[in-house]
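The values are calculated or read from the model by the stated rules, or taken from the named source; none is laboratory data. Owing to the predicted nature of the structure, the values given are computational and were not obtained by experimental measurement. We place every Cβ from the backbone using ideal geometry, glycine too, and count neighbours over all the protein chains shown. For accessibility, only protein heavy atoms count, side chains too; no ligands or nucleic acids. Shrake-Rupley method; radii C 1.70, N 1.55, O 1.52, S 1.80 Å.
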Amino acid sequence: MRQGPFHHPHMLKSSQLIVAVTEEELPRLQKLYERGMQNNVPGLRLVDQEEMRQIEPEIKGLKGIHSPFTGIVDFSQVAQSYAKDFKDAGGDVHLSTNVTNISRMADDIHISTSDGRKFQTKFMIGCAGVNSDRLARDTGGSTNPSIAPFRGEWRVMKPEYAHMVKGLIYPVPDPRYPWLGVHFTRKMNGEVWLGPNAVLSTSRNGYNYSDFSLRDFWEGLRDPGLRRLIFKNWKTGVGEVYRSIFLNPYVKMLQEYMPKIQGKHIENSKRSGVRALALNADGSLIDDFSFDTSAWPNALHVRNAPSPAATSSLAIAKV
C-alpha cells in the first residue's frame, strides 16, 4: 500500500480498492488488512459489497479493503527529478550507454562504455534491471539469482469508457504469482490501464513478440532455474499467452471484477514493459529485495528489487 504527501506536482491523490472475488481469497484479504493496520496505513478499512459499490459502482466482489489515501505517481518525472538532483550535486548522466568492460585494479574500479568513455571510481552501485545478473557476474559475483525477462502488457480503456473506473482497483495477491492479477489503474493523465499479464520474452529488451535476441534466448535455455519454472507453471504460461493474443478471454477475466466491461470498451493498442524476474536455481521466485557485495568490497549490486521498488526507492537508498 502506498501513502505520502499528495501535494507533489507529479503525484495524484487517488483511492485504492483491493477486491476479493472468491471465498478462497478472503483469508488472504484479511491477512493483508491486518498487515496494513500493523503498518499504520491511514484510513484503512474492510468494506462489504454495498460499500464497494459506493466507491467503485461497476465493481463486483465479496469483500474488499479500501485505502482512501493511496497515491499514484508519474515515475518518469520522479526519475528525472532524481537525475536533476544528481547532476546538481556534480554528477553526470549518460543515457543509452552500455557497459562494455569492468575491471578492478588495486582499490579502483575501471569501467568502459559503448560510447568510448572510460571511468575510474572508488565505489560502484550496479542497478541494471534485466541485466543485473550479467553485471554482477562481470565483477566476479554469483551466477544466482539469474534473471528471466517477462513482458508485462497493459490494455487501455477507450477514453469514453474510462469513467467506469474511479481510482485504483487491485486483486488480492496470489502468493504463487504475486505479479499477476487484474489491475484497473487510473493514470495521472486520466487513462485507465488494465493488466498487466506476464509473458516470457525471447529478448531482455523484448517489448513486442517480434523482438528476439539469440544471446538472450540461448542463455534462457541454459538456465536451470528458468527451465524448472516453465516446467512447473506451463499451464499458467500458456494461459497468459492466450489472453495476450486474444481479447475475449482477457475480457472474461476482467468481468470477474467488472461484469459490464466489454471488448468494445478497450483499445486495440497495448502498453508494455519488461519485468526482471529473479530466479533461484530450483526455479523458485525471489520475492524480496536482494543486494550483493560478495564479489568486490567496493561494488554493490541490486540483484532483485520487486514491486514496490519504485515506491520504496528512497527508503532503499538508506539501507
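Take the range 157-170 and flag every residue that is crowded, with 20+ Cβ neighbours inside 10 Å and over 17 Å from the mean Cα position of the chain (by Cα). So that I can check it myself, show each step before the final result.
First pass over the range 157-170, keeping only residues crowded, with 20+ Cβ neighbours inside 10 Å: 157, 165, 167-170.
Of everything in the range 157-170, those that are crowded, with 20+ Cβ neighbours inside 10 Å and over 17 Å from the mean Cα position of the chain (by Cα) turn out to be Met157, Val165, Gly167.
Look through Ile111, Ile102 and report the one residue that is free of Cβ contacts under 8 Å to residues at least 40 places away in the same chain and touching a Phe, Trp or Tyr at 6+ places or on another chain (Cβ under 6 Å). Lay out the reasoning, then the answer.
On the way: Ile102 fails: touching a Phe, Trp or Tyr at 6+ places or on another chain (Cβ under 6 Å).
Of Ile111, Ile102, the one residue that is free of Cβ contacts under 8 Å to residues at least 40 places away in the same chain and touching a Phe, Trp or Tyr at 6+ places or on another chain (Cβ under 6 Å) is Ile111.
Please work out which residue is surrounded by the fewest Cβ atoms within 10 Å (Cβ to Cβ), limiting yourself to the range 33-77 and to residues that are farther than 21 Å from Val192 by Cβ and in contact (Cβ under 8 Å) with a residue 40 or more places away in the chain.
Across the range 33-77, the extreme among qualifying residues is Leu62.
Could you list, in sequence order, all residues of the range 102-127 that are open to solvent by 40 Å² or more (accessible area, probe 1.4 Å), farther than 22 Å from Asn304 by Cα and under 29 Å from the mean Cα position of the chain (by Cα)?
Of everything in the range 102-127, just one residue is open to solvent by 40 Å² or more (accessible area, probe 1.4 Å), farther than 22 Å from Asn304 by Cα and under 29 Å from the mean Cα position of the chain (by Cα), namely Ser114.
Given the criterion open to solvent by less than 50 Å² (accessible area, probe 1.4 Å), over 23 Å from Pro249 (Cα atoms) and part of a loop (DSSP other than H, G, I, E, B), identify the matching residue among Gly181, Gly190. Spell out the reasoning first.
Values: Gly181 fails: over 23 Å from Pro249 (Cα atoms).
After applying the criteria, what remains is Gly190.
Condition first: at pLDDT 95 or above and open to solvent by 70 Å² or more (accessible area, probe 1.4 Å). Now tell me which residues in the range 256-271 satisfy that. Give the steps one after another, and end with the answer.
Our first condition is that a residue be at pLDDT 95 or above; within the range 256-271, this holds for 256-267.
Glu256, Lys260, Gln262, Lys264, listed by residue number.
Could you please let me know if Ser269 is assigned to a loop (DSSP other than H, G, I, E, B) and polar (S, T, N, Q)?
Spelling it out, it is not the case that Ser269 is assigned to a loop (DSSP other than H, G, I, E, B) and polar (S, T, N, Q).
Here's the yes/no breakdown for (1) of a type in the set (Asp, Glu); (2) under 16 Å from Met52 (Cβ atoms):
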| residue | (1), (2) |
| --- | --- |
| Tyr161 | no, no |
| Met164 | no, yes |
| Leu168 | no, yes |
| Pro171 | no, yes |
| Asp174 | yes, no |
| Leu180 | no, no |
| Lys187 | no, no |
| Trp193 | no, no |
| Pro196 | no, no |
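Quick one: count up the residues across the range 208-252 that are assigned to a helix (DSSP H, G or I) and open to solvent by 40 Å² or more (accessible area, probe 1.4 Å). Outline the logic, then answer.
At the first step, the residues of the range 208-252 found to be assigned to a helix (DSSP H, G or I) are 214-222, 224-232, 234-245, 247-252.
Now narrow it down to the ones that are open to solvent by 40 Å² or more (accessible area, probe 1.4 Å): 214-215, 217-219, 221-222, 224, 227-228, 230-232, 234-236, 238, 241-243, 245, 247-248, 252.
Number of matching residues: 24.
Being surrounded by 20 or more Cβ atoms within 10 Å (Cβ to Cβ) and in contact with a helix residue (DSSP H, G or I) (Cβ under 6 Å, 6 or more places away or on another chain) is the filter; apply it to the range 128-152 and report the residue that is nearest to Glu191 (Cα to Cα).
Result: Pro149.
Would you confirm, using the coordinates I've provided, whether Pro173 is within 15 Å of the chain's Cα centre (by Cα), touching a residue at least 60 places away in the same chain (Cβ under 8 Å) and either part of a loop (DSSP other than H, G, I, E, B) or surrounded by fewer than 17 Cβ atoms within 10 Å (Cβ to Cβ) (or both)? First the steps, then the outcome.
Numbers: within 15 Å of the chain's Cα centre (by Cα): yes; touching a residue at least 60 places away in the same chain (Cβ under 8 Å): yes; either part of a loop (DSSP other than H, G, I, E, B) or surrounded by fewer than 17 Cβ atoms within 10 Å (Cβ to Cβ) (or both): yes.
Yes, satisfied.
Just one of Trp179, Trp193, Trp218 is modelled with pLDDT of 95 or more, within 22 Å of Ser146 (Cα to Cα) and out of contact with any Asp or Glu (no Cβ under 6 Å at 6 or more places or on another chain); which is it?
Numbers: Trp179 fails: modelled with pLDDT of 95 or more; Trp193 fails: within 22 Å of Ser146 (Cα to Cα).
Result of the check over Trp179, Trp193, Trp218: Trp218.
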